[in-house]
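Right, one structure below, let's go through it.
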Amino acid sequence: MSIPTLASHAALSLIEEPNSSTPLSASSFVLKVLKVTAYHPQTDGQTERQNQELETFLRIWVNSHQNDWATWLPSPQFCYNNLAHSTTGISPSTALFGMPAYDGYNTCLKPKVPAASEFAAMHDKIREEVKSALCDSKTRMKEQYDKHVCDTIPYACNQLVWLSAKNIKSVQPSKKLTHLCCGPFRVIKKISTTSYKITIPLYWKEKRVHDVFHADLLCPYVTPYFKNQVNDGPIKVPDMVEDDNQEDT
């Protein structure tokens with residue numbers, strides 16, 4: 001994804017919250033509807049990464065009052081659109097136009113005014129520093145992100161899983177003494193690469209609890225080794241709070 005000049009050619013995406021209904025027909029406007037799960041609205045990471053790149057550049061070059069950032073936007077715009085991305089291996093300019101954008105500096109003409117040469121050299125140096133800063137920023141962000149992120153566990157249909165109770169509101173007075181997990185619940189189907197629909201109690205649905213959860217909130221159910229540890233009774237889940245805001249779970 002590129003910024004301003006190339007972004008107009010990109011398709012539009014519509015992020016949809018759980019339990020929401022799109023008022024307009026997405027197909028009529030050639031929109032791609034992206035489903036999100038509560039507490040994990042990670043559907044527009046491309047734009048977030050693009051903004052992080054811009055922030056890195058502006059943080060380096062803006063003045064102490066931070067009131068001249070708008071004047072610096074053309075430089076990071078050009079550098080970002082002309083910089084090869086790790087995902088595609090090519091720059092947005094090359095992907096869209098088939099060639100890198102002309103930087104205006106690699107010319108056989110020799111300027112006759114010394115000040116013009118100094119000005120061109122200064123901007124050439126700035127562009128190289130910007131490219132270096134963006135590459136260093138990408139490397140650091142990837143290292144930090146990889147420290148806390150691992151591949152999600154794939155779950156099959158009808159598989160029993162535990163559901164983390166950290167986002168489940170309970171009427172019990174102390175959350176520290178409340179069960180850490182609820183269930184086990186059965187996986188109904190896989191919604192996306194990181195989201196699953198599971199069977200939840202009917203009274204959870206009456207409290208407007210969505211039945212699609214991120215994979216990070218699930219863990220595999222392991223059958224107890226001893227038979228007397230198997231609970232043949234109803235599923236034990238915390239009582240839900242009488243709260244209309246419970247739909248955020």
Quiz item: How far apart, in nm, are the 7 Å Cα→Cβ label points at R59 and D103?
Solution: 2.4
Quiz item: How far apart, in nm, are the 7 Å Cα→Cβ label points at T223 and Q144?
Solution: 4.6
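Based on the Cβ-Cβ distance of H123 and T193, what FRET efficiency does E = 1/(1 + (r/R0)^6) give at R0 = 41 Å, to the nearest 0.05? Let's see the in-between values first.
Details: r = 43 Å, r/R0 = 1.05.
In this case the efficiency is close to 0.45.
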Quiz item: Roughly speaking, what is the stretch gain from T178 to C135, that is 0.36 nm per residue apart minus the C-alpha to C-alpha distance, in nm to one decimal?
Solution: 10.9 nm
Exercise. Under 16 Å from a label point 7 Å along Cα→Cβ of V113: give me every residue in segment 67-82 with its amide N that close.
Key: none
Quiz item: Can you give the charge dipole size of segment 44-148 about its Cα centre, rounded to the nearest 20 debye, using +1 on the beta carbon of Lys and Arg and -1 on the beta carbon of Asp and Glu?
Solution: 220
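Please go through the residue pairs K205/K227; K147/K190; K169/K197; K166/K207 and name each one whose alpha carbons sit more than 23 Å apart in this structure. Spell out each step's value before the answer.
Working: K205/K227 32 Å; K147/K190 26 Å; K169/K197 19 Å; K166/K207 17 Å.
Pairs exceeding the cut-off: K205/K227; K147/K190.
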Quiz item: For the residue pair N158 and D216, what label-to-label distance in nm results when each label sits 7 Å from Cα along the Cα-to-beta-carbon direction?
Solution: 3.1
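With a cap of 10 neighbouring Cβ atoms within 10 Å, and only residues DSSP puts in a loop, list the chymotrypsin sites (Phe, Trp or Tyr not before Pro) found in segment 151-227.
Y225, F226
Using a Förster distance of 41 angstrom, determine the FRET efficiency expected from the C-beta separation of K205 and L73, and round it to 0.05. Don't skip to the answer; put the middle values down first.
Details: r = 48 Å, r/R0 = 1.17.
Using R0 = 41 Å, I get an efficiency of 0.30.
Each reported figure results from applying straightforward, stated rules to the coordinates on display, with no laboratory input. Just so we're clear, the structure is a prediction, and the values are computed from it rather than from any experiment. Glycine gets a Cβ as well: all are built from the backbone with ideal geometry, and neighbour counts include every protein chain shown.
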